[in-house]
Amino acid sequence: MKLFILVALFGLSIAQHNPHIKQGRTAIVHLFEWRWADIAAECERFLGPNGFGGVQISPPNEHIVLNSPWRPWWQRYQPISYNLCSRSGSEDELRDMITRCNNVGVNIYVDAVINHMCGASGGEGNHSSCGSRFNAGTKDFPSVPYSALDFNNNKCKTSSGDIENYSDVFQVRDCRLVSLLDLALEKDYVRSKVAEYMNKLIDMGVAGFRVDACKHMWPGDLEAVYGRLQNLSTVWFPNNSRPFIFQEVIDLGGEAISAREYFHLGRVTEFKYGAKLGTVFRKWKGEKLVFTRNWGEGWGFMPDGNAVVFIDNHDNQRGHGAGGASIVTFWDSKLHKMAVGYMLAHPYGVARVMSSFRWDRRFVDGKDQNDWMGPPSNSDGSTKPVPINPDQTCGDGWVCEHRWRQIKNMVIFRNVVDGQPHSNWWDNGSNQVAFGRGNRGFIVFNNDDSDLDVTMNTGMSGGTYCDVISGQKEGGTCTGKKIHVGSDGRAHFKISNSEEDPFVAIHAESKL
Ligand code: AAO
């Protein structure tokens with residue numbers, strides 16, 4: 001009996017940590033604000049063929065539509081109902097996308113906003129993406145339906161009704177996050193509505209969820225909701241697969257609530273990862289790449305089996321959330337490619353690549369006045385499609401970092417070295433470092449102001465390899481640098497810091 005309970009508990013606790021990524025794939029990409037029709041096409045034409053494991057999609061449920069500011073990206077974090085029509089498209093388009101992505105081996109993870117509904121003031125004009133009626137003032141959301149009884153009203157003890165102090169656990173979980181109407185998740189009825197929404201998506205074939213704002217929900221309430229979730233659809237996943245759960249909890253240390261409280265429920269976003277690696281690549285606060293020899297748990301990050309890692313996310317690339325100015329984004333493309341390359345080469349965590357849209361940044365006193373700007377849109381506010389240029393980059397303001405050769409090729413690198421240990425570390429005591437992944441891959445960084453010109457042990461078998469950063473293997477030839485590995489595993493690397501991409505990566509499948 002004891003053993004049975006142990007097995008049951010263990011089974012339950014590890015189950016929601018597994019992303020169920022298809023064999024041979026490892027990384028996921030956040031296609032922030034993309035339309036379902038574009039994601040479906042991207043799965044078929046790019047993500048499937050290039051070994052991406054999954055896509056995090058923007059919230060698919062009905063959301064508020066705001067006029068002031070005009071259609072901000074963050075309107076999607078203000079639910080009006082769990083109807084599946086959003087700025088990204090209709091329920092039919094969502095279903096079609098999930099099916100087509102699954103058919104090419106790419107999983108879909110839904111951004112689930114279940115902590116709250118829209119802001120207390122409800123927004124000018126009170127529009128919503130499926131046209132459902134609602135009244136934020138009376139807390140009436142008839143198309144769920146939720147009424148005032150379903151919100152944390154008197155539980156919150158601050159005078160504003162909002163979270164005012166992050167060192168007070170009760171405020172953080174019972175008060176409103178930036179005035180967003182806070183659902184009473186301890187109520188059986190609210191739990192059932194949330195679970196019904198998530199189960200509908202599971203039926204449609206999604207592989208799991210990024211759960212928004214988990215710090216603001218009690219772990220016990222989340223456990224009750226997750227406990228009501230069905231297993232994944234057996235059309236695409238093995239019997240008894242639990243949905244993958246990764247929880248957004250910002251924990252840079254120093255607050256009352258720690259990420260640890262959520263470990264047994266699923267994975268958790270490791271915000272220290274991008275904040276620290278950004279600081280290292282920017283060489284701020286005396287940080288150097290040499291110090292990353294014990295990167296991962298050695299840096300005080302959460303246990304490997306709990307972490308979802310990323311260099312930037314949709315919040316901190318524009319000054320929301322946490323991480324501040326250290327975060328490296330596509331705006332610092334040289335550093336961004338290196339940092340993303342480092343993350344994808346390193347074994348720690350489930351890695352997520354950010355794919356952004358460009359906006360008109362306008363800083364006043366260090367704050368971006370346009371941090372609200374939504375995706376590339378037509379004059380009626382509808383989101384523009386993602387056009388693909390002849391050189392495979394994206395047009396119309398879509399950045400598509402995931403299509404940058406260096407990043408795409410490092411996603412493939414991560415697949416090729418999967419399961420291999422971190423090995424053959426080399427450094428110059430400063431910002432030139434190298435490491436391998438067993439005998440399957442090797443990467444060298446030069447983030448110093450001087451050139452790198454060194455022979456080192458790669459752990460790879462002898463032969464000529466194509467560097468997948470400066471180019472790639474096409475047919476039998478290499479469009480970039482060629483690296484010759486001797487029969488003793490040693491190879492010579494020369495990287496000038498003035499190069500656009502001062503790093504080199506080779507792997508077993510880039511051998512010529
Ligand atoms: C919008 C307007 C608001 C308005 C509201 C309602 O901007 O003015 O009141 O509508 O009308 C997004 C946007 C929000 C937007 C919201 C709803 O970012 O601007 O509000 O949609 O449309 C906290 C949460 C975290 C959250 C993050 C943004 O803990 O969960 O704030 N992220 C998610 C989503 C995000 C979304 C929501 C949640 C809401 O990813 O896109 O909001 O659905 C500390 C705490 C963090 C806290 C931050 C920011 O962080 O630790 O938990 O995140 O503060 O408040 C250092 C510290 C670090 C600290 C940070 C910032 O780095 O080390 O710990 O400083 O102080």
Any residue at all in region 56-68 that is more than 16 Å from the ligand (Cβ to nearest atom) and either at pLDDT below 95 or crowded, with 22+ Cβ neighbours inside 10 Å (or both)?
no
Looking at (1) assigned to a helix (DSSP H, G or I); (2) closer than 30 Å to Leu183 by Cβ; (3) away from the ligand (no atom under 16 Å from the Cβ), which is the one condition that is false for Arg242?
(1)
If I go through region 15-50 residue by residue, how many of them are out of contact with any helix residue (DSSP H, G or I) (no Cβ under 7 Å at 6 or more places or on another chain), of a type in the set (Lys, Arg) and outside any helix (DSSP H, G or I)?
2
When residues of region 322-370 are limited to those that are under 15 Å from the mean Cα position of the chain (by Cα) and in a loop (DSSP other than H, G, I, E, B), the one nearest to Asn447 (Cα to Cα)
Val328
Test for Gly274: is it surrounded by 24 or more Cβ atoms within 10 Å (Cβ to Cβ), in a helix (DSSP H, G or I) and not aliphatic (A, V, I, L, M)
yes
Would you be able to tell me the number of residues in region 390-434 that are assigned to a loop (DSSP other than H, G, I, E, B), surrounded by fewer than 22 Cβ atoms within 10 Å (Cβ to Cβ) and more than 25 Å from the chain's Cα centre (by Cα)?
5
Members of region 339-360 found to be more than 16 Å from the ligand (Cβ to nearest atom) and either among the small types (Gly, Ala, Ser) or over 30 Å from Gly266 (Cβ atoms) (or both), listed by number:
Ala339, Gly341, Ala345, Gly349, Ala351, Arg358, Asp360
Test: residue in region 119-130 that is modelled with pLDDT of 95 or more, within 22 Å of the chain's Cα centre (by Cα) and either aliphatic (A, V, I, L, M) or within 15 Å of the ligand (Cβ to nearest atom) (or both):
no
Restricting to region 165-224, name every residue that is of a type in the set (D, E, K, R), part of a helix (DSSP H, G or I), out of contact with any strand residue (DSSP E or B) (no Cβ under 8 Å at 6 or more places or on another chain) and more than 14 Å from the ligand (Cβ to nearest atom).
Asp188, Arg191, Glu196, Lys200, Asp203, Asp221, Glu223
List the residue pairs whose Cβ atoms are under 8 Å apart, where the first residue sits in region 166-183 and is within 13 Å of Lys139 (Cβ to Cβ), the second is among the basic types (Lys, Arg) and within 10 Å of the ligand (Cβ to nearest atom), and the two are 6 or more positions apart or on different chains.
Asp182/Arg176
First in region 211-229 and over 15 Å from Asp188 (Cα atoms) and of a type in the set (Asp, Glu), second anywhere and within 10 Å of the ligand (Cβ to nearest atom) and at pLDDT 95 or above, Cβ under 8 Å, 6 or more apart:
Asp212/Pro59; Asp212/Tyr77; Asp212/Asp111; Asp212/Val113; Asp212/Ile114; Asp212/Asn115; Asp212/Glu248
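Conditions tested, residue by residue: (1) among the polar types (S, T, N, Q); (2) in contact with a Ser or Thr (Cβ under 6 Å, 6 or more places away or on another chain); (3) crowded, with 24+ Cβ neighbours inside 10 Å.
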position	(1), (2), (3)
Asn103	yes, no, no
Asn115	yes, no, yes
Gly119	no, yes, no
Gly122	no, no, no
Thr138	yes, no, no
Pro142	no, no, no
Hey, Val106 of a type in the set (Val, Ile, Thr) and in contact with a Gly (Cβ under 6 Å, 6 or more places away or on another chain) or not
yes
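The values are calculated or read from the model by the stated rules, or taken from the named source; none is laboratory data. These numbers come from a predicted model, not from an experiment. With ideal geometry, Cβ positions are generated from the backbone for all residues, glycine too; neighbour counts draw on all protein chains shown.
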